[in-house]
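Read the figures in this text as sums done on the coordinates, not as results from a lab. For clarity, every value in this text was computed on a predicted model and none was experimentally measured. Note: ideal-geometry Cβ built from the backbone for every residue, glycine included; neighbour counts use all protein chains shown.
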Amino acid sequence: MKHPDEEELIAYHGGEVLRRDAIKEHLTDCTECRAEFERIDAVLGALGAMPVPDPGDDYGRRVWRQIAPRLPERRAAWWSFAGAGGFTTSWLQPRRWTAVGAIATMVTVAFMAGRFTKRISPAPIAADASAGKVRERVLIMAVGEHLGRSEMVLVELANAEPLNARQKQVNISAEQRRAEDLLEENRLYRQTALEQGDTGLANVLDELERVLLDVAHSPQEVTPAQLETIRQRIDARGILFKVRVVGKELEQREESSTPAAKQNGSMPQKRNNT
Amino acid sequence: MRRMRQSVEATGDSDAIAVERTLAGDRDAFRALVERHSRNVFRLAYRMTGNQHDAEEVVQEAFLRAYQKLGQFAARANFGTWVYRIAANYAIDRMRQRKSEDAQREPAGRPSDDGIERDVASLVPDGAPSPERLAQSEQLAVHMRRALNELTPAERTAFVMRHWGGSGIEEIAEALKSSTSAAKNTVFRSVQKLRRSLEPFVERRGQAKAMGTEL
């Protein structure tokens, strides 16, 4: 047979059956093609051996805990959801998800109101201005608190140290659990910010999420050297600083949205890109 | 072998029952599906996205979408394969989104100079191989991640599904929303690119392997 080309050798490696016997026989006789096949096999073999982190035996349970509150309630038959309540998709149907979605949307609206007033249509907000203001304040507070709690975890981690000189490991399980709790709401805020085009906020939340994930997945007990590496990663991202800046801006926004501030005519300031 | 096949069939049967019960309103039945298939979907998602953060998001989203679309799921199909495909679809979108986010972000915000995630978990010693071997494998891992990151989302998906997931061309074509010939071409292109990037680093392994490996 003629020499198989690269595409045929790759397909052969992947188990394709076309001309399989002929290629196999050819590879036994032809040193040039065998060498080519071995080069392909070496690359694919090395890639095949690339490790994937083990998410842990309880990973399935964790996934369930994270998605369960967001699942629509299923009554009797699936299709019975579609027509009920005037929503077009069952995604928006369940009370809990609707509430979470609404909060997330409002959070972003609150951010947008300060940052992208020109880009967001004022009409829906103007329809119920006073209710909107109240909502906005509540949401600014919610995200501000989220950032505050995140900051606290990071600060505690930065200050963690062995209880005494003889102790070789530092227990960070408390920070780990809190980081895990914060992850979900962070993800929700980030996705909503992204959907609304607030990339500045989404980027900060994205970086925060990576740090929280690192912490949530680190061992419960770490050596001082490992703890130092975690701290260096936090420092390298400058996330603590960014969280503080955004938190401060939210505080200012919250103050400026109080009735007294409104009377004084103060307006939310455009947030700096962090 | 026979026992393994029986076990796979049993999983398939219990998946089908769990799907039916979920459709009838039993949330715990879906919980069983999530707990059974999460790790497998995570492996795919991690290989596609290259980081744990995005991989976990893909896993969650895949199961949420699976739940949402469960009414469209043909009972004859394999739930594991189906949710795997949903995850692949979402991972492509996530990778595209991530690329555009990264393009907008300033370089200082990158997790490391080569954009590669280094998991904290990987800092834990694991059976202590020699420092030279560790350094070599770490270096190779860096090259491999970099080479994978240079693939387009479609190429990476095709490669992961074909060479790690063992998916058929039709399945890959469905995930890529392309024809089978285009999917085949994408698989080929991805391997070609990876070869070009990685051959200089794995050649010695290849030669060593060739000496003692039958075809």
Open item on the list: Can you compute the modelled spin-label distance between residue A:251 and residue A:65, with each label point 7 Å from Cα toward Cβ, in nm?
Closed with: 3.2
Open item on the list: Could you check the spin-label model distance between residue A:52 and residue B:102? Points 7 Å from the Cα along Cα→Cβ, value in nm.
Closed with: 2.0
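Between residue A:228 and residue B:185, what FRET efficiency follows from the Cβ-Cβ distance if R0 is 30 Å, with the result rounded to 0.05?
Numbers: r = 48 Å, r/R0 = 1.59.
Efficiency for this residue pair is about 0.05.
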- [ ] Apply 1/(1 + (r/R0)^6) to the Cβ-Cβ distance of residue A:141 and residue B:178, taking R0 = 41 Å, and write down the FRET efficiency to the nearest 0.05.
- [x] 0.30
Open item on the list: Full-extension gain between residue A:236 and residue A:31, please, as 0.36 nm times their residue separation minus the C-alpha to C-alpha distance.
Closed with: 68.7 nm
- [ ] Please give the average number of partner chain Cβ atoms lying within 10 Å of the Cβ of each residue in B:24-37, rounded to a whole number.
- [x] 4
Open item on the list: I'd like the FRET efficiency for residue B:24 and residue B:152, computed as 1/(1 + (r/R0)^6) with the beta carbon distance as r and R0 of 45 Å, rounded to 0.05.
Closed with: 0.60
